[in-house]
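A.B. asks: Quick one: the structure is below, and I'll ask about it shortly.
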Amino acid sequence: MSRLWSSLRDALRGTHHDYTQGSIRQAIFLLAVPMVLEMAMESVFAVTDVFFVAKLGAPAVATVGLTESLLTLIYGIAIGLSIGATAMVARRIGENDPEQAAHTAVQAILLGLIFSVIIGVAGIAFAPRLLTLMGASSDVLANVAFTRVMLGGNVVILVLFLVNAIFRGAGDAAIAMRVLWLANGINIVLGPMLIFGVGPFPKLGIVGAAVATTTGRGIGALFALRQLVRSKGRVTVRREHLGIEPKVMWTLLSLSATGTVQVLIGMASWVGLVRIVSTFGSDALAGYTIGIRIITFALLPSWGLGNAAATLVGQSLGAKNPERAEQAVWRAALYGAIFLGIVGLLFIIFATPIVSIFTSDPRVAHYAVDCLRVIAFGYPLYAYGMVVSQSFNGAGDTRTPTLINLGVFWLWEIPLAYVLARHFGLGPHGVFLSITIAYVTLSIVSPILFKRGRWKTKHV
């Protein structure tokens, strides 16, 4: 027991552990604990917004849901660039080349800033039109200011994702965890203050949620950049690392482009699902939004295990040890399956009381409970698809999971959702079923392709 507490303390505090040698179980534990907590904090951003905004009514919740769907473009670019950054930094650290890892970190951040300016300007200008295309009703369009703040402030999302990806690739997962704890803590405290006008704060309604989230992420991003420059971690950016390096940037961009397409395929499928659900009214959309937020809350920590596996894969390949990389993936996937199996069972049993925390509207709760229970049935299998997909990316093989996502989500999930919801008359329930079926499919296809081992030959 004392050894467990010692390892937990090291994981939370951060330690200069050599992840290319020694116990795989210990390596996964040291990386996964802060990464799981980091992902849990990221998911709390979403749950916190819905928890407070739900007090403003179904149209406000629907606005958050539609805006989050639009934010998939930003998340897709952020995660896509993060995939490239993590893979390249992890490989350089495995090769014992921290200087080149620092150069890669700078190029990743510069790319993120370029994309954020383009997206921010377009998002502010076209927010009403984008919401209309998503099927927003007039009461949702009245909340367009929320969407403008979220899209306009996207730079904090990109920088936060990228710097944390750099830390994860280097094995400094504890720093990334602390960054999100800070950002989320500010959001939790500031959110209700600005939404409801507590004390000296103005009552901004739903816009207050956007301001609080953007402020929290912004402060977190600044703290992360400070740590990257001044930390004693494995990657430290100094003055000589600054500036544009076309060769490094091109390599990163080439790797991240496929990763971005991969993520956008998966995330854009959620946009398609939201579009189908929105045709059944604001109550169905609000229930779906609450249910998916709770689902995401449990799934994102499993992405933490996937991130741990990706770091181990990248560093092990850099150290010329592909066998260790493969063992780490299967071990992480097993741990994820056990975790999600327990959470899934709890969601099925306690769906109603869990949803009641977020809404007292019985019409909205009906859809949220159904969403939670149907998707939770496949939880134990989801871990394999999530962890293995991340592991491909850690190796620099972004093409394979991109093709998997295209087939599973666009050629299978969305058509299935439409047929079940419309042709068979299942309504939103049919959409929930399609999500479960698609993720189970992902969990079968990904391990089969992973076993072929082509990812071991990728060079980044």
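Just so it is clear, none of the values below were taken in a lab; they were calculated from the coordinates. As the structure is a prediction and not an experimental result, all values here were calculated from the model. Methodologically, a virtual Cβ is constructed for each residue, glycine included, from the backbone with ideal geometry; neighbour enumeration extends over all protein chains shown.
A.B. asks: From the mean inverse distance of alpha carbon pairs (Kirkwood) and the Cα radius of gyration, derive Rg over Rh for the range 306-403.
C.D. replies: 1.17
A.B. asks: Then there's this: Given H placed on each backbone N at 1.01 Å, which residues far from residue 136 in sequence or on other chains put an amide H within less than 5 Å of it?
C.D. replies: Here the answer is none, since no amide H 5 or more places off falls under 5 Å of that of residue 136.
A.B. asks: A follow-up question, please. Using the eigenvalues of the Cα gyration tensor, what equivalent ellipsoid semi-axes result for the chain when each is taken as the square root of five times the eigenvalue, whole Å, largest first?
C.D. replies: Its equivalent ellipsoid spans semi-axes of 34, 25, 21 Å.
A.B. asks: Whole-Hz ³J(HN,Hα) for each residue in the range 395-406, computed from phi via Karplus 6.51 cos²θ - 1.76 cosθ + 1.60 with θ = phi - 60°, x for glycine and proline: what do you get?
C.D. replies: 7, x, 8, 7, 5, 4, x, 5, 5, 4, 4, 4
A.B. asks: Obtain the nm distance between the two label points defined at residue 198 and residue 452 by a simple spin-label model: each point lies 7 Å from its Cα along the Cα-to-C-beta direction.
C.D. replies: Placing both labels 7 Å along Cα→Cβ, they lie 5.3 nm apart.
A.B. asks: By a straight-distance test (C-alpha under 22 Å), which lysines pair with residue 203 as possible cross-link partners, with residues fewer than eight away in the same chain excluded?
C.D. replies: Partners within reach: 55.
A.B. asks: Run the numbers for residue 55 and residue 360: contour at 0.36 nm per residue of separation, minus the present Cα-Cα distance, in nm.
C.D. replies: 108.9 nm
A.B. asks: For the charge dipole of the chain, defined by +1 on Lys and Arg C-beta atoms and -1 on Asp and Glu C-beta atoms about the Cα centroid, which residue among 202, 455, 280 has the Cα displaced farthest towards the positive pole?
C.D. replies: Result: 455.
A.B. asks: With a 10 Å radius around each residue's Cβ, average the other Cβ atoms per peptide and rank 191-198, 24-31, highest first.
C.D. replies: Highest-to-lowest ranking by the protection proxy: 24-31, 191-198.
A.B. asks: Starting from the Cα of residue 125, step 7 Å along the direction of its Cβ; do the same at residue 138; then give the gap between the two resulting points in nm.
C.D. replies: Result for the modelled spin labels: 2.9 nm.
A.B. asks: Provide the per-residue ³J(HN,Hα) series for the range 274-280, in order, calculated from phi with Karplus coefficients 6.51, -1.76, 1.60 and θ = phi - 60°, each as a whole number of Hz, with x at glycine and proline positions.
C.D. replies: Per residue, the Karplus-derived 3J(HN,Hα) values read 4, 4, 5, 5, 4, 6, 9 Hz.
A.B. asks: Mind listing the long-range amide H neighbours of residue 378? Cut-off is under 5 Å, sequence gap 5 or more, other chains count too, H placed in the peptide plane at 1.01 Å from N.
C.D. replies: Amide H neighbours of residue 378: none.
A.B. asks: Hey, how much of the P(r) for the range 91-189 falls beyond 21 Å, as a percent of Cα pairs?
C.D. replies: Numbers: 2484 of 4851 pairs.
Tail fraction, whole percent: 51.
A.B. asks: Would you mind putting 447-459, 134-146 in packing order, based on average other-beta-carbon counts within 10 Å, highest first?
C.D. replies: 134-146, 447-459
A.B. asks: Any idea which of 267, 34, 54 is furthest toward the positive side of the dipole for the range 17-453, if Lys and Arg beta-carbons carry +1 and Asp and Glu beta-carbons -1?
C.D. replies: 34
A.B. asks: May I pose another question? Between residue 349 and residue 95, what length in nm is gained on full extension when 0.36 nm per residue of separation is reduced by their alpha carbon distance?
C.D. replies: 86.7 nm
A.B. asks: Among all the aspartates and glutamates, which ones have a C-alpha under 14 Å from residue 451's C-alpha, if same-chain residues fewer than 8 places away are not counted?
C.D. replies: Partners found: 323, 326, 397.
A.B. asks: Could you give the angle, 0 to 90 degrees to the nearest 10, between helix 173-196's Cα long axis and the longest principal axis of the Cα atoms of the chain?
C.D. replies: The helix 173-196 is inclined about 20 degrees to the chain.
A.B. asks: Calculate how steeply helix 428-450 sits against the longest principal axis of the alpha-carbon atoms of the chain, using the helix alpha-carbon long axis, and give the answer as 0 to 90 degrees to the nearest 10.
C.D. replies: Orientation of helix 428-450: about 10 degrees from the principal axis.
A.B. asks: May I pose another question? Once you keep just the Cα pairs under 8 angstrom separated by 6 or more residues, what percentage relative contact order results for the range 17-453?
C.D. replies: Details: 794 pairs, mean separation 102.1, N = 437.
Dividing the mean separation by the residue count of the range 17-453 yields 23 percent.
A.B. asks: Charges on Cβ only, +1 for Lys and Arg, -1 for Asp and Glu, centred on the Cα centroid of the range 17-453; of 306, 294, 443, which one is farthest towards the dipole's positive end?
C.D. replies: Result: 306, furthest along the dipole toward the positive end.
A.B. asks: Right, another one. Report the calculated FRET efficiency for residue 323 and residue 423 (r = Cβ-Cβ distance, R0 = 60 Å), to the nearest 0.05. Spell out each step's value before the answer.
C.D. replies: Values: r = 48 Å, r/R0 = 0.80.
Efficiency, rounded to the nearest 0.05: 0.80.
A.B. asks: Ranked highest first by the average count of other Cβ atoms within 10 Å around their residues, in what order do 270-276, 281-287, 424-430 fall?
C.D. replies: With the highest mean Cβ count within 10 Å placed first, the list reads 281-287, 270-276, 424-430.
A.B. asks: Evaluate the charge dipole of the range 17-453 about its Cα centre and quote only its size in Debye, nearest 20, assuming +1 on the Cβ of each Lys and Arg and -1 on the Cβ of each Asp and Glu.
C.D. replies: Charge dipole, the range 17-453, about its Cα centre: 380 debye, nearest 20.
A.B. asks: Sticking with this structure for a sec: Hey, what angle do you get for helix 362-376 against the long axis of the chain, alpha-carbon based, 0 to 90 degrees rounded to 10?
C.D. replies: 30
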